[in-house]
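Here the structure is laid out as C-alpha cells; the discussion comes afterwards.
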Amino acid sequence: MAPSIPVLPLLDVHREVLEFRIRGTWQRFHVADADALAAALANAVASPRWDPDARALVVRIPKAGCATGQARIFSLSEFSRTLPNVTLVG
C-alpha cells in the first residue's frame, strides 16, 4: 500500500477537471462532483492528499471535537492519454 501524497490541486469546476503535479508530472482527472470538491477544498483544515491506490483525493474538513477534521474522499477518473480518431470532412 502506497502512502498518500500531499498535493496542491487545480480545479476547473465548469469542466469538472482536477489537476496536480506528482514527481514533476501533471496528472489530470475527471471529478464527478466538482461543486462538492470545491466546497471541501475551500474549507480544508489540512493539505489535500492523493491516494494512488484508491485513485482518490482525500480532503479534511472541519468537524466539531476533532482537531484533524473529517475526511471527505473524492474518487477520480483519469483521462485517457490516447487521442480520438478524427476525420475532417470538407
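The values are calculated or read from the model by the stated rules, or taken from the named source; none is laboratory data. Nothing here was measured: the structure is a model prediction, and the numbers come from that model. For neighbour counting, all protein chains shown are included, and Cβ atoms are generated from backbone atoms with ideal geometry for every residue, glycine included. Surface areas here come from the heavy atoms of the whole protein model, side chains and all, with no ligands, DNA or RNA. Shrake-Rupley method; radii C 1.70, N 1.55, O 1.52, S 1.80 Å.
GNM, the chain, Cα, under 10 Å: largest mean-square fluctuation among Ala64, Ala39, Ala56?
Ala64
Rounded, prolate or oblate: which one fits segment 3-66, using the alpha carbon gyration tensor with axes a ≥ b ≥ c (rounded when a/c is under 1.5, else prolate when a/b beats b/c, else oblate)?
Numbers: a/c = 1.99, a/b = 1.22, b/c = 1.62.
Note, shape of segment 3-66 comes out oblate.
How much accessible surface does Arg28 have with a 1.4 Å probe, in Å² rounded to 10?
100 Å²
Roll a 1.4 angstrom probe over the protein heavy atoms and tell me the percent of accessible area of the chain that is carbon or sulfur.
Roughly 54 percent, rounded to a whole number.
Collect residues whose amide H, placed 1.01 Å from N in the peptide plane, falls under 5 Å from the amide H of Gln27; neighbours closer than 5 in sequence don't count.
Under 5 Å from the amide H of Gln27 lie the amide H atoms of Phe20, Arg21, Ile22, each far enough along the sequence or on another chain.
Out of Val58, Val31, Val13, any idea which swings most in a Gaussian network model of the chain, alpha carbons joined below 10 Å?
Maximum fluctuation in the GNM of the chain, among the listed residues, is at Val13.
Report the charge-dipole magnitude of the chain in Debye, nearest 20, computed about the Cα centre from +1 at each Lys and Arg Cβ and -1 at each Asp and Glu Cβ. Intermediate results must be reported in sequence, preceding the final value.
Numbers: 10 positive and 8 negative charges, 51 e Å.
It comes to approximately 240 debye.
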